[in-house]
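Some notes on the structure that comes next.
The values are calculated or read from the model by the stated rules, or taken from the named source; none is laboratory data. What you are looking at is a predicted structure, and each value in this text was computed from that prediction instead of being measured. Neighbour counts run over all protein chains shown; Cβ positions are idealised from the backbone, glycine included. We work out accessible area using only protein heavy atoms, side chains counted, and drop any ligands, DNA or RNA first. Shrake-Rupley method; radii C 1.70, N 1.55, O 1.52, S 1.80 Å.
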Amino acid sequence: MKIFGTHEKVNGMKNCMKRSIVVRAKQMKEPFRVDTLESNYKQGKQGDYLMQGIEGELYICDREIFEKTYDWV
């Protein structure tokens with residue numbers, strides 16, 4: 001089994017873009033937890049976003065990542 005390092009350069013990779021998919025989100029005003037698809041809890045911080053994916057699953061998005069990645073529609 002090949003194990004890749006976090007920033008390893010991999011030959012043959014091509015540019016691609018994520019599809020435009022609308023998801024739902026809410027910025028949380030207090031710390032919170034979510035039971036993930038992997039059956040363990042993840043902790044969100046005040047200001048992070050609680051998001052709902054295309055299959056209805058809930059997950060956490062860090063505030064800084066959300067603001068760099070998402071626009072409201």
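Residues whose amide H lies under 5 Å from that of GLY47, counting only those 5 or more places away or on a different chain, are MET28, LYS29, GLU30; hydrogens are built 1.01 Å from N in the peptide plane.
Computing the accessible area with a 1.4 Å probe over protein heavy atoms, can you report the carbon and sulfur percentage for the chain? The nonpolar share, carbon plus sulfur, comes to 52 percent. Computed log10 I(q)/I(0) for the chain at 0.21, 0.22 Å⁻¹: -1.00, -1.03, from the Debye equation with unit scatterers placed on every C-alpha and solvent omitted. The calculated FRET efficiency for ASN15 paired with ARG63, based on their beta-carbon distance and R0 = 35 Å, is about 0.80. The loop-placed trypsin sites (Lys or Arg not before Pro) in the chain, going by DSSP, that have at most 10 neighbouring Cβ atoms within 10 Å of their Cβ come out as LYS2, LYS9, LYS14, LYS18, ARG19, LYS29.
Which residues make up the longest stretch of the chain that has no chymotrypsin sites (Phe, Trp or Tyr not before Pro) in a DSSP loop with at most 10 other Cβ atoms within 10 Å? Walk me through the numbers on the way to the answer.
Values: sites that count: PHE4, TRP72.
For chymotrypsin sites (Phe, Trp or Tyr not before Pro) (loop position, at most 10 other Cβ atoms within 10 Å), the longest site-free span of the chain is 5-71.
Loop sites only, by DSSP: take the GluC sites (Glu not before Pro) in the chain that have at most 10 other C-beta atoms within 10 Å and name the longest stretch containing none of them. Segment 9-37 is the longest. Spin-label model, TRP72 to GLN52: label points 7 Å out along the Cα-to-beta-carbon direction sit 1.8 nm apart. Computed from phi, the 3J(HN,Hα) profile of the range 31-37 under the Karplus parametrisation 6.51, -1.76, 1.60 (θ = phi - 60°) reads x, 8, 10, 9, 7, 7, 4 Hz, with x in place of Gly and Pro.
In the chain, helices alone account for a calculated mean residue ellipticity at 222 nm of -2500 deg cm²/dmol, with every DSSP H run of four or more residues adding -39,500 (n - 2.57).
Check the chain and count each lysine pair with an alpha-carbon distance under 16 angstrom, considering only pairs eight or more places apart or from different chains.
Value for the chain: 4.
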